Each structure stands twice: as structure tokens, then as C-alpha cells.
Amino acid sequence: QALLNLLSYAIDVLPPHTALRLSTREIEGAVQLRLRQQTLPGASEGRLSAHAPSTHRREGVALTVAESLIAAQNGRLTLQETPGAWLAEITLPTAQAPTVLIIDDNQGLIELFQRYLAGHRVVVIGATGGDEALRIVQQVTPQAILLDVMMPHQDGWEVLQRLRKEAAPTTPILVCSVLREHELALSLGANDALVKPVSQPALLDALRRWLGTLHPLA
């Protein structure tokens with residue numbers, strides 16, 4: 001939407017017979033869209049439209065909307081309005097990969113879930129016990145937690161309550177267990193429950209419910 005408004009602004013201020021070339025590139029932590037003026041063969045480069053002096057940006061509705069939309073995404077708009085060399089650059093931060101914490105005493109299951117998520121922009125951290133998980137959550141802020149409640153040396157339901165009380169009051173917590181205890185899980189503070197064995201589609205669907213889109217690796 002911001003790009004469409006910027007195009008509308010460009011059409012207003014650029015002379016007739018002007019083409020615009022759109023290019024994109026990735027820079028560290030961001031993506032940059034560049035819109036550059038290209039004068040068609042046989043057309044005069046001329047100057048910017050009389051509606052907008054060449055040395056000042058026109059504060060029109062289209063430009064104002066574009067600036068607001070870009071700013072709302074923590075982005076930046078740079079305009080260079082030199083006659084014959086009009087250039088606009090939109091810089092937007094790339095979405096950071098969400099972190100998923102998997103708490104399970106079975107290291108093999110942690111590695112299985114890592115393989116399930118390997119094709120997506122997700123950072124997976126494993127913990128084989130509740131105490132380790134609590135230490136991790138104090139250092140890293142996961143966007144979702146998968147919790148096994150059937151651990152031999154610790155009550156997973158107690159870990160769930162400690163996470164909610166001490167470290168992750170609002171983080172989505174998904175209980176994974178062979179037990180079909182969906183209502184109990186919700187009553188103790190979980191957001192969702194998955195029954196083991198968990199398939200890759202079931203895991204991806206559950207995470208999408210709480211994280212939104214899971215972006216594939218390029």
C-alpha cells in the first residue's frame with residue numbers, strides 16, 4: 001500500500017513520458033525498495049511537474065499516507081527529487097525469526113521437532129527439564145513454548161504454572177503429551193494442547209495459530 005501511494009505521488013510530480021524502475025535488495029536486517037526515474041527515448045528529461053518545486057517535497061495526500069505506512073513498520077523513506085534523476089528508497093526491517101522453546105526430557109523428540117521446523121525461519125532452542133527452561137526464558141524471550149508434561153524427574157504441570165508465574169506470563173505455551181488433557185492444560189495456563197505423537201503438519205498448524213505466518217527459508 002505504501003508503494004502504491006508513492007507511485008501515485010511520483011505520477012503527479014514527474015514529467016510526461018517518464019518510466020519508473022523498481023528494484024529490491026537485501027541489506028543487513030532490512031530490505032530496500034528503490035524506485036528510480038527513467039526517461040523514455042525521445043522524451044525530454046525536463047524538470048519536476050509545476051505542481052511541485054524541484055527542491056521541495058510536495059506534502060500531498062499520497063506522500064503523507066506512504067510516509068505514515070512506512071513509519072508504522074519502523075521503516076524509512078528517502079526522496080531525492082533532482083530533475084531527471086528522481087529517486088525514492090523505502091527501507092523496511094525484515095521480520096525477525098521467532099524463537100520456539102521446546103521442553104522435553106527426550107532429546108530425540110527435540111531433534112525431531114528441529115527437523116520439522118528446519119525449512120522455516122524459526123530459531124529452535126531445546127531444554128530437557130523445567131529448571132533449565134526457566135533459566136533459558138530469563139535470558140531469551142521465546143515467542144512460543146512447547147512443553148512435555150510427562151517428564152520423569154519433574155512434574156510438567158508444575159513447570160507450566162511456574163513458567164506462567166515467574167517467566168512467561170503471556171507467551172503462548174503448547175502442551176505436548178500422550179495424555180488427552182486439553183481442558184486441564186487450558187485450566188492451568190496453557191494456550192493449546194497437542195497429543196503425541198505430533199506430526200509435522202500438526203506442529204506447523206499449531207505454531208501458525210499462535211505465531212502467524214511461518215516464513216520458509218529462502
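Annotations
- The angle between the Cα long axis of helix 61-72 and the main principal axis of the chain comes to about 30°, on a 0 to 90 degree scale.
- Stokes-Einstein diffusion for the chain at 20 °C, viscosity 1.002 mPa s, with a Kirkwood radius from C-alpha pairs, works out to 103 µm²/s.
- 222 nm mean residue ellipticity, helices alone, for the chain (DSSP H n ≥ 4; -39,500 (n - 2.57); rounded to 500): -9000 deg cm²/dmol
- Antiparallel beta bridges, as assigned by DSSP with both residues in region 99-211, represent about 10 percent of the total such bridges.
- Among beta bridges that DSSP assigns inside the chain, antiparallel share in %, nearest 5: 60 percent
- Per-peptide packing, taken as the mean over residues of other Cβ atoms within 10 Å, places 65-72, 25-32 in the sequence 65-72, 25-32 from highest down.
- Helix axis angle, 200-211 relative to the chain longest principal axis, alpha carbon, degrees: 60 degrees
- Translational D in µm²/s for region 129-218 (Stokes-Einstein at 25 °C, 0.890 mPa s, Kirkwood Rh from C-alpha pairs): 181 µm²/s
- Counting only alpha carbon atoms, the long axis of helix 130-139 and the longest principal axis of the chain meet at about 20°.
Every number here is computed from the coordinates shown, using simple stated rules; none is lab data. None of the values given here were measured: they were computed from a predicted structure. Don't worry about glycine lacking a Cβ; one is built from the backbone with ideal geometry, like all the others, and counts go over all protein chains shown.
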